[in-house]
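Every number here is computed from the coordinates shown, using simple stated rules; none is lab data. Because the structure is a prediction, the values reported are computed rather than measured. Here the Cβ is made from the backbone with ideal geometry for all residues, glycine too, and neighbour counts use every protein chain on show.
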Amino acid sequence: MQQYVDGRGLQALAKGRRREGRDGFKAALGRSGVVAAVDLGASKVTCFIMKPDGPRRGDRTLTAAGVGYVQSHGVRGGSIVDMDEAAQAIAQAVERAEAMAQVDVQAVTVSTTCGQIASHRVSAQVSLGGRPIGEADLARATAQAVASLRLNRRQIIHLRPVAWSVDNQRHVRDPRALFGRTLGLDMLVVSMNEAVFHTLGHCVERAHLQFAGAVAAPYASALAALEEDEMELGSICIDMGGGSTSVAVFSGGALVHVDSLAVGGQHVTQDIARGLSTSTAGAERIKTLHGSAIASANEDREMIEAPPRGDDPGAGPVVAPRSMLKGIIAPRVEETLELIKDRLKAAGALIDPGAGIVLIGGASQLAGVREVAVRVFDRSVRLGRPRRIPHLADAASGPAFCAAAGVLQRAAFGPREAEHKRPGGGRTQQTNVDPNANVVVKAAAWLRENL
């Protein structure tokens, strides 16, 4: 992959000119099963690469052949605000992962919370005539469900069946070959802002990569962090990132709700910088070393030092009691979790009574966050990690790396999703479906890969 930053522009230009000559090799490599996942966050950009021998079907684990991550630039509050900086960060992260994996990546799937990710429940019911159910019937139900949804300038990124029913018999896993007169479908549609989707694709292409589609970060993180029992019995996976906090709810083994909120760990850092009159970098350091969302012993007598703003050499450090730091952090963390709780309630999300909370994302590692979540939700809470990639280095095995790991998990073990469209009208779907075909034909192709 080309690298055109960090003072190596001439080398990158030469490599760029050779890229077209390697198209045949790149296409063959893509067909060989190399998968690259990029998690585009406000704090960092991560790339995980999986080779064809990465998945292990026996225990449903996998090996990441390459891992790369860099500080994020050009992304703020769940939005891309500088195309060039974001593209360079993606290029750097992918290049580092390529060097470790010793492969050349052609395309990447991007995990993101950009674009006001949200979900919508739709349903459909079609007549069968008392004959065995076939894929065409499933396609009709899917097409009818999608057609009933009116999305204004939003791009569908996930179509997930919640439940099938045959003659009002609910909780059918796979209705094919069953007999009945009516087939019902309850489906979750996850979408994002269409303009942001195209911007995301263009940003990836500016990094000289192909855009293989977008995945909602909380969904990807949940695939990496949740146990099978947690999905079946019910779980609320809260991804606390730098620029946003998002949530994925599972019930009965199915994804039933997705939502996002443009408030994250960076907002805590900014609160500290304002409250202590220190720099953003100083606030981040203080938060990491001394920050907590719950009270601790002797915090009124324990003093912390923060660097002053500006470059005045005569200015002394800012000194404040640790209790003041806790008084800044705790209200923001509690407010964020309360907002998530209120949004889940307002959306009528299907949450099982015994559903537990799984916290993931870099901001979830702040001391005391788990205890605050227990108080806000009155449920059991644990910290999640990428459980299906057991051999990750310690630096890349924490809650902040669940989203990238989840994209690989999804690619290795499914489920595959509906067709994505690239900016400019190109397609990234692997199945050979005529882009001008009607919605039933497209739905049938998708169902063959999903069921």
Step by step: find N for the range 46-184, compute 2.2 N^0.38 Å, then divide the Cα radius of gyration by it. What's the final number? 1.49
So which trypsin sites (Lys or Arg not before Pro) in the range 296-366 are both in a DSSP loop and have at most 12 other Cβ atoms within 10 Å of their Cβ? 301
Mind giving me the nanometre distance, one decimal, between the label points for residue 127 and residue 280, set 7 Å out from Cα along Cα→Cβ? 6.2 nm
Starting from the Cα-Cα distance between residue 375 and residue 182, subtract it from 0.36 nm times their residue separation and give me the gain in nm to one decimal. 65.0 nm
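Out of the range 258-365, which GluC sites (Glu not before Pro) are coil in DSSP terms and have no more than 15 other C-beta atoms within 10 Å?
Values: sites: 284, 299, 302, 305, 334, 335, 338; in loops: 299, 302.
Hits after loop and neighbour filter: 302.
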Hey, quick one: spin label on residue 413, modelled 7 Å out along Cα-Cβ, who in the range 349-392 has an amide N within reach, i.e. under 17 Å? 384-392
Once you wrap a convex hull around the alpha carbon atoms of the range 66-142, what is its projected area averaged over all directions, in nm²? 8.8 nm²
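At 10 °C and a viscosity of 1.306 mPa s, what translational diffusion coefficient does Stokes-Einstein give for the range 206-359, taking Rh as the Kirkwood radius over Cα pairs? Give it in µm²/s as a whole number.
Values: Rh = 17.8 Å.
For these conditions, the coefficient is 89 µm²/s.
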In whole Hz, what ³J(HN,Hα) sequence does the range 197-209 give by Karplus (6.51, -1.76, 1.60; θ = phi - 60°), x for Gly and Pro? 4, 5, 4, 4, x, 5, 5, 4, 5, 5, 8, 6, 10
